[in-house]
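The values are calculated or read from the model by the stated rules, or taken from the named source; none is laboratory data. The structure presented is a predicted model; accordingly, all values stated were derived computationally and were not measured. Cβ placement follows ideal geometry from the backbone for every residue including glycine, while neighbour counts extend to all protein chains displayed.
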Amino acid sequence: MEDSKKELYDFFEEYLLALRGMVDAEEQKLDALFSNKGDDITRAMNLSQANAMQVENIEKKREELQSEAGLGGYTFSQIIDDAEKQYKPRLAEIFKEASNLINQIKYLNTRSMRIADSNLRLMGIKPDAYIAETVPFDEHKPKEPMSVINAKKGYNVK
């Protein structure tokens with residue numbers, strides 16, 4: 001087997017570690033939002049942002065490794081199908097765990113956003129007051145919510 005494919009397969013273990021770290025960060029963020037303590041929220045948000053950046057970098061590395069292995073644009077399922085028989089079971093396990101972790105991250109993030117929204121409402125800040133453009137205006141791009149911490153501090157709040 002090509003070294004580049006083996007390197008990609010080995011890399012997926014690192015990918016899982018990053019996703020696990022992101023789940024931990026999202027759990028800490030959720031706990032901090034439940035506590036409604038500013039310092040805890042700030043620490044949790046910083047950790048969450050750092051993990052998100054790490055996952056973004058790892059995603060770029062995955063794309064590079066896939067491309068080098070001749071598997072650019074392949075889905076994980078296609079990578080498993082392409083793999084030699086001995087690698088398929090572990091790759092399938094990795095795919096299953098990665099899917100579960102990604103779903104867990106989405107769930108935790110949704111919960112966090114709902115709690116943050118509730119906390120802001122309790123403070124008398126309406127949702128439309130903390131939704132703001134975070135990128136240059138583009139009429140075809142949807143508005144993105146600004147940072148909860150910034151909204152709490154009153155930045156860009158009307």
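Data table
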read-out	value
Pairs where the first residue, in region 101-126, is within 18 Å of residue 37 (Cβ to Cβ) and the second is assigned to a helix (DSSP H, G or I) and of a type in the set (Gly, Ala, Ser), C-beta under 8 Å, 6+ apart	120/151; 125/151
Failed condition for residue 121, given (1) modelled with pLDDT of 85 or more; (2) surrounded by fewer than 12 Cβ atoms within 10 Å (Cβ to Cβ); (3) of a type outside the set (Asp, Glu)	(1)
The listed residue being of a type outside the set (S, T, N, Q), surrounded by fewer than 17 Cβ atoms within 10 Å (Cβ to Cβ), at pLDDT 95 or above and assigned by TED's automatic domain parsing to the domain that holds residue 114, out of 93, 84	93
Filtered residues of region 106-118 (kept if of a type in the set (A, V, I, L, M) and modelled with pLDDT of 90 or more)	108
